[in-house]
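Report on one structure; see the data block that follows.
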Amino acid sequence: RVKRFKFMGEEMNQQDWWKTLFDKKYLDTYLDELTVERTDKEVDFATRAAKLVPQDKILDLACGHGRHSIELARRGFNVVGLDYSEPFIEKAKEDAEDAGVKVEFMQGDMKELPFNEEFDAILMLFTAFGYFDTESNQHVLFEVNKALKPGGRFFIDVISGDAVIERFNKEGEKEEGANLLKIPRTFERSGLTITEVEFFDPDEQLVHNHREWTDEEGNKKEYDFYLRVYTLAQYKEMFSKAGFEFKKVWGDFEGNPHNTNDNFRTIILAEKV
């Protein structure tokens with residue numbers, strides 16, 4: 001059954017938006033900030049925090065264009081990278097070949113993982129969780145649990161729902177005629193000037209991000225991104241329901257405590273019970 005919800009008066013099909021968003025034009029707006037140094041730092045922390053060892057078999061879930069998978073493979077880990085986006089998987093394969101490392105990249109849906117107790121650790125980085133309604137997001141956690149060996153570790157990095165709620169309460173403008181808050185801004189990224197409006201539905205804890213820019217050829221580009229965010233307390237409840245023991249949480253890749261120093265990440269280590 002297709003899950004739908006209404007946002008800004010528009011009925012959204014949650015099966016559809018994420019299937020077409022993650023293409024080259026999306027990646028082009030992020031590549032400049034996804035530096036080698038940033039990837040190294042994130043993999044360094046994930047390796048330490050999740051206590052990864054060379055014999056571990058690792059799933060990089062929602063691996064995108066494979067930057068974490070490739071770096072893990074450089075360090076000698078046995079890595080499988082799975083993502084729904086075929087353009088991202090194709091780029092990941094090309095980049096792995098250029099780097100001279102072996103990673104098994106595959107196209108797939110996180111809601112229907114083709115694995116059963118196969119991995120020692122699963123990594124889910126760069127806010128790849130929250131694309132669906134809460135029932136489906138909860139199902140993803142069950143799928144992750146099923147794919148892990150007993151005692152397997154799940155390391156996930158997402159935007160902090162606590163920080164999102166606090167930011168919109170402080171900075172958000174009330175959208176006339178709707179129970180929505182919005183934050184408009186313009187910024188530079190990858191040599192492009194991007195106009196962005198973030199909307200937040202506090203009842204659904206749903207963020208709608210609309211971006212527009214003009215590319216180097218003068219063509220107008222735009223995309224819409226929808227993300228359901230959760231507080232730390234909600235994550236603890238969802239993880240427990242999916243069969244995980246909540247082990248530790250951080251607020252950034254420096255290892256600072258959650259919700260301190262103005263950090264805006266929720267980074268969780270959990271273990272399959």
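The values are calculated or read from the model by the stated rules, or taken from the named source; none is laboratory data. In this text, all values refer to a predicted model and were calculated from it rather than measured experimentally. Heads up, the Cβs are rebuilt from the backbone with ideal geometry, glycines too, and the neighbour counts pull from every protein chain shown. Note: accessible area is taken over every heavy atom of the protein model, side chains too, but ligands, DNA and RNA are not part of it. Shrake-Rupley method; radii C 1.70, N 1.55, O 1.52, S 1.80 Å.
Observations, loosely collected:
- Sorting the segments 166-174, 92-100 by their residues' average number of neighbouring beta-carbon atoms within 10 angstrom, most packed first, yields 92-100, 166-174.
- Per-residue SASA entry for Thr127, accessible area with 1.4 Å probe, Å² rounded to 10: 20
- Accessible surface of region 125-238, 1.4 Å probe, proportion on carbon and sulfur as whole %: 46
- Share of Cα-Cα pairs in region 120-273 lying beyond 24 Å, as whole percent: 42
- Solvent-accessible surface (1.4 angstrom probe) belonging to Ser136, in square angstrom, nearest 10: 30
- Accessible area expressed per residue, the chain, with surrounding protein chains retained (probe 1.4 Å, Å²): 48
- Convex hull projection area averaged over all views, the chain, Cα basis, nm²: 14.6
- Most fluctuating residue given options Glu216, Glu42, Glu86, as computed from a GNM of the chain linking Cα atoms under 10 Å: Glu216
- Cut-off under 5 Å, modelled amide H: who pairs with Leu180 long-range: Glu175
- Accessible area of Glu198 in the full protein assembly, 1.4 Å probe (Å², nearest 10): 20
- Full-extension gain in nm, Glu171 to Glu217, via 0.36 nm per residue minus C-alpha separation: 13.1 nm
- Rg/Rg_globular for region 67-205, with Rg_globular taken as 2.2 N^0.38 Å and Rg from C-alpha atoms: 1.30
- Full extension of the chain segment joining Glu112 with Val197 gains 27.4 nm, where the gain is 0.36 nm per residue of separation less the Cα-Cα distance.
- Between the alpha-carbon centres of region 120-166 and region 62-82 there is a gap of 17 Å.
- Among Met106, Met124, the sequence by solvent-accessible area, most first, with a 1.4 Å probe is Met106, Met124.
- Taking only the alpha carbons of region 136-183, we obtain Rg and Dmax values of 17.2, 51 Å in that order.
- Computed from the Kirkwood radius of its Cα pairs, the Stokes-Einstein diffusion coefficient for region 191-273 at 4 °C and 1.567 mPa s stands at 83 µm²/s.
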